[in-house]
Amino acid sequence: MTYIASNVAFEVESLASDTPQASEVISHLKSLAHPVRLKIACALMENEYSVGQLEQQVNVHQPTLSQQLTVLREGGLVDTRREGKQIFYRMKEEKSVALIVALSRIFA
């Protein structure tokens with residue numbers, strides 16, 4: 001099945017059935033399907049942040065932030081590193097960044 005969008009053809013068969021690619025796309029979209037998680041992911045595209053820094057950057061209270069970071073981490077979108085007592089978050093995969101950029105271009 002081939003579709004034409006903006007004069008660009010792309011193949012969608014691997015997404016239209018039960019494949020690992022389809023599961024990965026679904027997981028990423030579910031992880032981003034919340035306003036706070038999308039806001040966090042956009043911030044993490046620019047830089048790595050500790051929870052405290054991220055709290056200021058996205059203007060979300062720490063309990064909500066931690067809950068949403070857990071969803072992003074479990075969804076495979078963000079990774080962490082520990083430095084002393086602080087945990088720093090960053091985007092895990094280039095695919096996640098590319099997905100957010102594509103969504104931004106589509107809905108801008």
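The values are calculated or read from the model by the stated rules, or taken from the named source; none is laboratory data. Note that this is a predicted model, so its numbers are computed, not measured. Cβ atoms come from the backbone with ideal geometry, glycine included; neighbour counts cover every protein chain shown.
Say we look at region 20-35 and pick out the residues that are of a type in the set (A, V, I, L, M) and closer than 28 Å to H61 by Cα; which of these is modelled with the lowest pLDDT? Write out each step before concluding.
Here is the first cut: in region 20-35, the residues of a type in the set (A, V, I, L, M) are 22, 25-26, 29, 32-33.
Filter once more, keeping what is closer than 28 Å to H61 by Cα: 26, 29, 32-33.
On the way: I26: 87, L29: 91, L32: 93, A33: 94.
Checking each candidate, the answer is I26.
Looking only at region 43-63, which residues are out of contact with any Lys or Arg (no Cβ under 9 Å at 6 or more places or on another chain) and under 24 Å from I26 (Cβ atoms)?
Residues satisfying the conditions are A43, M45.
If A16 satisfies all but one of (1) among the aliphatic types (A, V, I, L, M); (2) closer than 21 Å to S104 by Cα; (3) modelled with pLDDT under 95, what's the number of the condition it fails?
Every condition holds for A16 apart from (2).
Among the residues of region 68-86, which ones are within 15 Å of I40 (Cα to Cα), in contact with a Lys or Arg (Cβ under 8 Å, 6 or more places away or on another chain) and either without any contact (Cβ under 8 Å) to a residue 40 or more places away in the chain or among the aromatic types (F, W, Y) (or both)?
Start the filter on region 68-86 by keeping residues that are within 15 Å of I40 (Cα to Cα), which leaves 68-80.
If we keep only those that are in contact with a Lys or Arg (Cβ under 8 Å, 6 or more places away or on another chain) too, we end up with 68, 71-72, 75-80.
Answer for region 68-86, where residues must be within 15 Å of I40 (Cα to Cα), in contact with a Lys or Arg (Cβ under 8 Å, 6 or more places away or on another chain) and either without any contact (Cβ under 8 Å) to a residue 40 or more places away in the chain or among the aromatic types (F, W, Y) (or both): Q68, V78, D79, T80.
Of all residues in region 52-105, how many are surrounded by 15 or more Cβ atoms within 10 Å (Cβ to Cβ), among the acidic types (D, E) and under 12 Å from the mean Cα position of the chain (by Cα)?
Summing the residues that are surrounded by 15 or more Cβ atoms within 10 Å (Cβ to Cβ), among the acidic types (D, E) and under 12 Å from the mean Cα position of the chain (by Cα) in region 52-105 gives 1.
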